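Read through the structure below, which is laid out as structure tokens, and then see the notes.
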Amino acid sequence: MQTAMSIVANAQVEVRPITSADIPEVLRLLDLTGLTEDRLGAELNADSPYRWVCLPGPDGGLSAVHRGFVWGDHLVLKGVSVDEAARGGAAALQMAFWLRESARREGRRGIAAWVAAGASHSALLAGRLRLRQDGPWIHRYLVPLSVAATADGQMSAVEVHRDTPVSGSLSFGRAGGPDEPWITEDLLAPAAPAGRARRVHWVADRDRLCLSGLPCTIFDGLPALVAALAPLAGELGLTVLDLPIPAVDIPLALRLLALGARRLSRTCVTLARFEFSPTTRNAEPTP
């Protein structure tokens, strides 16, 4: 039986970053809507937030690939595809451990991954990586940019910051009084200290502008948010916003569907995280 340490050791020997020469093999293994040779080539650039790694196969091809991206201070483990001949082994774990150590070397705060309720495989992988599932349960909705046309007024004091050409953060100035809670607070960070601008993180993921929170205090502010972000999305060639919505908010979900939004999955998910520095988040639960 392989231990976590032996898997890491194997990963350090075998797992490697994908290069442009691997693009045909990656496209063979991973069928993602909108993923083309040009798009994948751009994601392999040095200034890209995306992290592609692979596990070479015995025949000179690839046995498995894993795509992640840097979102805020975390490396998000996003998608794995394993060749049929290599399934049932430790390929997914090997690549995940390699990415975890890579994120540590890069100086990231930690790693994260979406874990679906009732999904035993993703929960097992999260457990092996020590990801804590203590965040809120949400549904991810794809909201079309056309919602901006229904905006009644404008959202003020939104600043776009870039870490790379296709990722960064959004800051929202404080009005001086106490802050009302957002529909979904930033899933990647603790609450902002008093007197500082509140922030969420964004990243372009294929045709989506993904936000790590929903910075509206009420649903009626959503169209104004979409309108405020439409220029950024348009510049990057994106068509929808990927927004986290509290799973328990059924009335909000119905209003989103009425606007033409689409829920990504039937089951709710949580963004499980592991922080490299010692924090209460990483502490073992008290019996």
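A few remarks follow.
- Failed condition for Arg105, given (1) assigned to a loop (DSSP other than H, G, I, E, B); (2) without any contact (Cβ under 8 Å) to a residue 12 or more places away in the chain; (3) among the charged types (D, E, K, R): (1)
- Every test in (1) in contact with a helix residue (DSSP H, G or I) (Cβ under 7 Å, 6 or more places away or on another chain); (2) at pLDDT below 95 is passed by His66 save one, and that test is (2).
- Condition broken by Phe97, with the remaining ones in (1) under 30 Å from Leu254 (Cβ atoms); (2) out of contact with any Pro (no Cβ under 9 Å at 6 or more places or on another chain) satisfied: (1)
- When His121 is tested against (1) modelled with pLDDT under 85; (2) surrounded by fewer than 13 Cβ atoms within 10 Å (Cβ to Cβ); (3) in the same structural domain as Asp249 (by TED's automatic domain parsing), only condition (3) is not met.
- Every residue from segment 112-125 that is touching a Leu at 6+ places or on another chain (Cβ under 9 Å) and assigned to a helix (DSSP H, G or I): Leu125
- Residues of segment 81-94 classified as surrounded by 22 or more Cβ atoms within 10 Å (Cβ to Cβ) and either modelled with pLDDT of 95 or more or among the β-branched types (Val, Ile, Thr) (or both), total: 0
- Residue within segment 186-207 that is within 23 Å of Val70 (Cβ to Cβ), at pLDDT 95 or above and not hydrophobic (A, V, I, L, M, F, W, C) present: yes
- First in segment 72-96 and closer than 14 Å to Val26 by Cα, second anywhere and assigned to a strand (DSSP E or B), Cβ under 6 Å, 6 or more apart: Gly79/Arg67; Val80/His66; Ser81/Val65; Val82/Ala64; Asp83/Ser63
- Residue satisfying condition, being modelled with pLDDT of 85 or more and either hydroxyl-bearing (Ser, Thr, Tyr) or surrounded by fewer than 19 Cβ atoms within 10 Å (Cβ to Cβ) (or both), within set Arg132, Arg104, Arg100: Arg104
- Applying the set (1) modelled with pLDDT of 95 or more; (2) of a type in the set (Lys, Arg); (3) over 30 Å from Gln133 (Cα atoms) to Arg39 leaves exactly one unmet item: (1).
- Scanning segment 86-140 for residues that are under 11 Å from Leu75 (Cβ atoms) and charged (D, E, K, R) gives Arg100, Glu101, Arg104, Arg105, Glu106, Arg108, Arg109.
- Some residue of segment 147-166 being crowded, with 18+ Cβ neighbours inside 10 Å, out of contact with any helix residue (DSSP H, G or I) (no Cβ under 7 Å at 6 or more places or on another chain) and of a type in the set (A, V, I, L, M): yes
- Yes/no for Leu252 being surrounded by 15 or more Cβ atoms within 10 Å (Cβ to Cβ), at pLDDT 90 or above and not β-branched (Val, Ile, Thr): yes
- Residue within segment 143-150 that is under 17 Å from the mean Cα position of the chain (by Cα) and in contact (Cβ under 8 Å) with a residue 12 or more places away in the chain present: yes
- Filter result (in a helix (DSSP H, G or I) and either closer than 14 Å to Val269 by Cβ or touching a Pro at 6+ places or on another chain (Cβ under 8 Å) (or both)) within segment 126-148: Ala126, Val147, Ala148
The values are calculated or read from the model by the stated rules, or taken from the named source; none is laboratory data. Predicted model, so just to flag it, every value in this text is computed and none were measured. All Cβ positions, even for glycine, are placed from backbone atoms using ideal geometry, and neighbour counts span all protein chains on display.
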